[in-house]
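One structure below.
A short reminder: the numbers here are calculations on the coordinates, not readings from a lab. Everything quoted here is computed from the prediction, not taken from an experiment. Note that we place each Cβ from the backbone using ideal geometry, even for glycine, and neighbour counts take in every protein chain shown.
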């Protein structure tokens, strides 16, 4: 039996290969993928050869073990159905079930059931593939801990930024302002609950942001800033935006890109806190009540409430995967969420 699998083969290069599926192990089930989501942040770093050398691909996901090295499979948001079981017992329990998996882009794979997450009843698979990004957004809020009445700024309105904005919009904040260079994303940001969304190419844009953060009052600046743009240069702007004792959650992954931070001025005297946030782990202070399972369950609930499939701008057959990555690299203003579709071709 053969499958189609996507490989990153070099800088700016992907290909889809036909290959034999390995024989199953006892207790595994065969998943036929219908759709998978491309991460416009992490995967484009891989596509552009900007990942940090010597770093494990992922320390918690078995399917992504090993180091970044061409050629490689990557991706972590696949949804489909179980079509076969390696034993009669697994077949009876799992065949026909809709499942999500943190798995690279390929249309057939064997997995033990513990690696699969059943998709909630009635939830479209195009919503289900947002699970990693929604879990990341939930994790950002857990690490940032927004409080009632706070002033919040979010830099970057890609998929994760938009989901973070949608979650923040449910809080009783006194201000929620977002920043993104692309007008379509700023419009989506407003639709999802931001009070204002500003483009960094606009005249006096930073003053606009500060004005929304009560610049003329006794408590100016953001209490909480999320840096989700993927641009290291934005960290200095986040510092400029934060108020005294403000918190900055750094959710971007910069890969090989480095940040030249200005820490000798406002940062030094303003007790601003930089918080590293990454979804592979939970903050230790939360582990008494929270687990990855509980966080995932809440991410499913947020997906059901928000319906993130409305953020999909492109659905591209797996056979044309190279087109999907070129769009994300060369025309990011036209794309929000790009899906690979395995149902055609």
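Structure summary
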{"quantity": "Protection proxy ranking of 165-172, 76-83, 202-209 - average other beta-carbon atoms within 10 Å, highest first", "calculated": "76-83, 165-172, 202-209"}
{"quantity": "Gain on full stretching of the segment that runs from residue 257 to residue 190 - 0.36 nm per residue minus C-alpha separation", "calculated": "21.1 nm"}
{"quantity": "Estimated FRET transfer efficiency when R0 is 35 angstrom, pair residue 18-residue 112 (beta carbons, to 0.05)", "calculated": "0.90"}
{"quantity": "Förster radius 41 Å - calculated FRET efficiency between residue 236 and residue 67, Cβ distance, rounded to 0.05", "calculated": "0.85"}
{"quantity": "Cα-based shape type of the range 202-241, given that a ≥ b ≥ c are square roots of the gyration tensor eigenvalues and the cut on a/c is 1.5", "calculated": "oblate"}
{"quantity": "FRET efficiency estimate (nearest 0.05) - Cβ-Cβ, residue 121 to residue 298, R0 22 angstrom", "calculated": "0.80"}
{"quantity": "Gained length - residue 218 relative to residue 343, 0.36 nm times residue gap less alpha-carbon distance", "calculated": "39.3 nm"}
{"quantity": "Cα gyration tensor, the range 251-299 - rounded (a/c under 1.5), prolate or oblate", "calculated": "oblate"}
{"quantity": "Gyration tensor (alpha-carbon) shape descriptor, the range 133-284, a/c threshold 1.5", "calculated": "rounded"}
